[in-house]
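Please read the structure below before turning to the comments.
Each reported figure results from applying straightforward, stated rules to the coordinates on display, with no laboratory input. Worth saying up front: this structure is predicted, and the values here are computed from it rather than measured. Counting neighbours? That spans all protein chains shown, and the Cβs are built from the backbone with ideal geometry, glycine included.
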Amino acid sequence: MKRIIVFMSMAILAICLMVLILKPSNKTTEVVVKVGGTVGENCDFTNIKDALDSITNNKKDNNYVIKVMDGIYEINDFGVPFLGIKSYVDIVGQSKTGVIIKHTAETMDATKATFDVGYYGDFDGECTLKNMTVISFNCKSPFHFDADETAFKGTITIEDCILINQNKFEGEPNHNCVACGLRPGQNIHVKNCIANGFIWAHNSTIDNPKGASFIVENTICEYLWVASLGSKTKDVCKFINNKCEYIKLDYADHMKRSNTDDFEMSWAIELENNDFNYIETLYENASGEVLGDFWDALYGGKVAITDLSIHDYCYNDTGLTLKKGTYVDMDDSIAKTITTAKEQTNAYGVVLKDIPSGAYGVVQYDGDFLKALSNGSR
């Protein structure tokens, strides 16, 4: 019996070893790009586009890393509207400030960007763009992701990058740093970045159980913006440990239904440990006109975009409308009743949006606004 047990154990071990031997291992090939370099001596290519074009057998078990050496890489020199992105092909800079990839268009053209996932049209997997400075001028943005599911499926990560939009024009569309139009199965993750403009995404009207995700963490930017076009998928939006002026939530009502009474948010939004001053909420009509604050249009807690580390959801029983910016005190009741503050310096918090009497609203009790109160700068 002992011999049988030993024999069986050895047989199982042999089978396991054979599985390990026969199992294909992931292969990673490094391709070096150096502007002004000498091919065959200190680099494989002198521009990023040629390096990307040369890679045709990229797949899950055959990965590539394009290592970009320090230098300035101008997209205009490549004769394309933007650089493409390929699945299982990471692009990694030698240093964050030494590698500068920029697109300087002669005149404003929102169809151009520095990187755009739609160029090759066959992204299916994952990749990381890391450790570089990405600049756009007279273009939509440094990074643009808005392609249908046939052209983009999977996850793209932007990590440890500096993002600069140099557009001189006023108005929001001209200060994109990461612009996303996400459909089911598409995922964008921005982390450990610094941006001089805003980072934003809208979802789609497509209902699909796969959903999409938009995650921004440990990033400094002008503000974060997420727009809901009304899918019933509950696409995932997470903002974690970011620093920005404010967060904007935009509900494009016309994309889903004309009646806001049956409103249902199409993003599942999670906020955690962000440092921002306020939340702006709005909704639009079919012409794209901003109709107002949808705390007013869709009241009663249907929109839960608050950061519990600095916000409280409170009931107003003062008999008066508490206007945005009103300082308030809080009593000890379970209902969290709020009243106007007698002394601003002793206030519990500040009202973020008008709260009618007998209604609930958001009060901010921590963060930059109240820090400024305590030191007398406001």
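Please compare each pair in K86/K191; K34/K168; K112/K234; K59/K140 to a cut-off of 25 Å on the Cα-Cα distance and tell me which ones are over it.
Working: K86/K191 19 Å; K34/K168 30 Å; K112/K234 30 Å; K59/K140 30 Å.
Over 25 Å Cα-Cα: K34/K168; K112/K234; K59/K140.
Using modelled backbone amide H atoms (1.01 Å from N, in-plane), which distant-in-sequence or interchain residues come within less than 5 Å of V236's amide H?
The list, which skips near neighbours in sequence, is A212, S213, F214, A268.
Cβ under 9 Å from C193's Cβ, C193 left aside: what net charge do those residues give with Lys, Arg +1 and Asp, Glu -1? Each step should come with its number before you reach the end.
Numbers: positive: K191; negative: E159, D160.
My count for the surroundings of C193 gives -1.
Please list 3J(HN,Hα) in residue order for region 117-131, calculated via the Karplus relation 6.51 cos²θ - 1.76 cosθ + 1.60 where θ = phi - 60°; whole Hz, with x for glycine and proline.
Using θ = phi - 60°, the values come out as 5, x, 4, 7, x, 9, 6, 8, x, 8, 6, 10, 10, 9, 6 Hz.
Read phi for every residue in region 155-160 and hand back ³J(HN,Hα) as whole Hz from Karplus 6.51 cos²θ - 1.76 cosθ + 1.60, θ = phi - 60°, with x for Gly and Pro.
Once rounded to whole Hz, the list reads 10, 10, 10, 10, 9, 6.
For region 90-101, what does the Karplus curve 6.51 cos²θ - 1.76 cosθ + 1.60, with θ = phi - 60°, yield as ³J(HN,Hα) per residue in whole Hz, taken in order and with x for Gly and Pro?
Here the 3J(HN,Hα) series is 7, 10, 10, x, 5, 8, 4, 8, x, 9, 10, 10 Hz.
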